[in-house]
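The structure under discussion appears below in the form of structure tokens.
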Amino acid sequence: MANLRRFAATIVMALLAALVVLPGVAGAGAPNVYVVRIDNMQEIDQAAVQMLERAFDLAEADVQARGEGSAAVAIVLDTPGGLVTSAMRMQERILHSKARTLVLVQDNAISAGALVATAAEKLYMQTGSRIGAAEPRYRGSTAPADYKTMSVWIGAFRSTAEARKRDPNIAQAMVDTKSKIAGQTTELLVLSAQEAVDKKYADGIAGDLNDALKQAGIAGTQVTVEPTMSERFGRLLTIPWVAVLLLIVGVIAIGVEFIKPGVAVPGFIGIVCLGLFFLGNVLVGTAGLLEVGLAFLGIVLLVVEAFVPGFGVFGIGGLISVAASIFMSVPSTTLATSYLMWATLAFTVALFGIVQGISKRGLGKALTLERDARGQVPPRADLSRLVGREGKALTVLRPAGTALFGSEKVDVVTEGEFVSAGAAVRVIQVDGARVVVRVLGQ
């Protein structure tokens, strides 16, 4: 029995020793190198930020579990630039990471890409690649950004270069046309691969990622971090021209629903388009519950305005709510302003259609209920006999619509007030084909 106890104790001690030793053995494996590719002239946007942050989350989990030097993040860049806000989020994450960082510029690290490249611990460039030309500009324009944005951007470049012991004056010359370095021949500095190495801005010229990692002394298993399906879909929906198209179609479709409520198809199309606009921003992480809630509230208020006479209160509240949600969902103030301008233009077109519908001319004539009343409205000469007649509104009068007098359907208009469908009305004036009604009791 004593021998059996000693044997059991030996087994328990061995198991305890294994539990202590095994984690160290597991942690002693080859480090992981998480590879993020922002290449093929892909823009730096919020979807790219999400992908980069996932890579750093994985790398830093390795570092926490296995110690310093157990993980690295390698970024392959070929980009024309992108959003200032997205680039600055990348820069902050790269600078503050405990994992080793490396950037390989395949062809271009232009504009926002230059800041990302500057933030890396090690920077390598392929032959024929270039870095620089980072002046911030309004999207879709050649005009430089305002002095406040410019100052922040210059500060970001200088502080990032200093943090990585690169020449901050070179970094500033990439951004500011007023700052030049010796030998610069262009308004904004653009360095070739060899020039960047000669000026010690880059650490070397590499043939490919494997070569760059070898030169940097980073070994390990390469794990490519791919964009998720939601990130791909979110990026598609947030491409500026796609987002603008969704806004324009959505706003105009909802406007058409206002002209002829109850048709449902335009309203459905409008809600789907606006829903896709906000879904894209949710998927890339720029919109959350607040923005979606504001958009939903705005759409509900617009629907209420379409069916309940609110003298414009619900409609105005809905427009303000939707506009605020659009502005808050977009990562760039400039881009948000652009989107709101396009949405306003689309609303103006829709409003023109509403006015046309009220006056029974042009497009509005085809979208109102005149077709339903055709053959039932008496000749203009006979309409004067309707003065004093009482009936009820068949549709919402906003202020135009259709009323029923006996068995006759007549297109009518109020003196400006909105009237609910089913309300009792009296004809107070007839001017040619214009029949003016007032709610009974007023």
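The lone criterion from (1) at pLDDT 95 or above; (2) over 36 Å from the mean Cα position of the chain (by Cα); (3) not hydrophobic (A, V, I, L, M, F, W, C) left unmet by D208 is number (2).
When T149 is tested against (1) touching a helix residue (DSSP H, G or I) at 6+ places or on another chain (Cβ under 6 Å); (2) of a type in the set (S, T, Y); (3) touching a residue at least 60 places away in the same chain (Cβ under 8 Å), exactly one condition is not met: (1).
Looking only at residues in the stretch 56-93 that are of a type in the set (D, E, K, R) and over 29 Å from T127 (Cα atoms), the one that is modelled with the lowest pLDDT is E68. In the stretch 196-297, counting only helices (runs of 4 or more DSSP H) that sit wholly within it, the ones holding 1 or more residues that are under 19 Å from V349 (Cα atoms) and among the aliphatic types (A, V, I, L, M) span 240-259, 265-283. All of (1) buried (at least 24 other Cβ atoms within 10 Å of the Cβ); (2) under 18 Å from A171 (Cα atoms) hold for A74 with one exception: (2).
Within the stretch 390-422, the only residue that satisfies the criterion of being among the aromatic types (F, W, Y) and out of contact with any strand residue (DSSP E or B) (no Cβ under 6 Å at 6 or more places or on another chain) is F418.
Going by the conditions given, is G204 in contact (Cβ under 8 Å) with a residue 60 or more places away in the chain and in contact with a strand residue (DSSP E or B) (Cβ under 6 Å, 6 or more places away or on another chain)? Yes; evaluated as a whole, the condition is true for this residue. When S129 is tested against (1) crowded, with 20+ Cβ neighbours inside 10 Å; (2) of a type in the set (S, T, Y); (3) without any contact (Cβ under 8 Å) to a residue 60 or more places away in the chain, only condition (3) is not met.
Of all the listed residues (P144, P80), the sole one being surrounded by fewer than 20 Cβ atoms within 10 Å (Cβ to Cβ), within 21 Å of I181 (Cα to Cα) and free of Cβ contacts under 8 Å to residues at least 60 places away in the same chain is P144.
The values are calculated or read from the model by the stated rules, or taken from the named source; none is laboratory data. Computed from a prediction, not measured in an experiment: that's the story for all the values here. Virtual Cβ from ideal backbone geometry, glycine too; neighbours counted across all protein chains shown.
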